[in-house]
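Novice: Encoded as structure tokens, here's the structure I'll be asking about.
What follows is calculated from the coordinates using simple rules that are stated; it is not laboratory data. Bear in mind the structure is a predicted one, so any value in this text is a computation, not a measurement. Here Cβ is always computed from backbone atoms with ideal geometry, including for glycine, and neighbour counts include all displayed protein chains.
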Amino acid sequence: MKTRDQLQTMMLTFQEICQGESPWIALGNFMNDWFAYAKDRRAQLVADSIDLPAVPSSEIIRWAAFCAASVEWLCECYGVPCPSWVDNPQYVLPEPWFDSPGAHKPHVRERLIQQTPEPFTRRNLYCGNRMFENKYEFAEHTRRRTAIEPVVPSARP
């Protein structure tokens, strides 16, 4: 278990996934640091490379590719220098991986193909474009909008 002062780096996130933590729990903890608690240290959060176990399962390889794509995409979106470790060809899947509810349906797969950001599709990952929606920025945007927009009382019949 990490201490309050320890950063939830992508390296630590991937280690937790390899140790059996639910990927979305580990990634959610990373996202909390990226978007809120350590946003001033984003480069540190992604600097250290992730390492595949000696004999990785296909599921672990998928999550390694997902972590690499996530780092690349987040760095692009937030103007953080992207670490070179994400370019390792071991983080490119040999077969497409569709990760979304209903991904077995052709129309869902087509939507995922169209909406998934390029750092993911280049690695043969198809997950759509909503996996890193930032609740912190959404809350701030909503707070600002309601502070600016006048409240109009509803008309009563």
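Novice: So how much slack lies between A38 and Q15, counting 0.36 nm per residue of separation and subtracting their Cα-Cα distance, in nm?
Specialist: 6.4 nm
Novice: Quick one: pull the percentage of alpha-carbon pairs in region 70-137 with a separation above 18 Å. Intermediate values should be presented prior to the final figure.
Specialist: On the way: 970 of 2278 pairs.
Tail fraction, whole percent: 43.
Novice: If I stretch the segment between S22 and R109 completely, what's the gain in nm (0.36 nm per residue apart, minus their alpha carbon distance), one decimal?
Specialist: 29.0 nm
Novice: Have a look at region 1-92 and give its Rg and Dmax from the Cα atoms, expressed in angstrom.
Specialist: Rg then Dmax for region 1-92, in Å: 12.4, 36.
Novice: To the nearest 20 debye, what is the magnitude of the charge dipole of region 37-141 about its Cα centre, counting +1 on the Cβ of each Lys and Arg and -1 on the Cβ of each Asp and Glu?
Specialist: Charge dipole of region 37-141: 260 debye, to the nearest 20.
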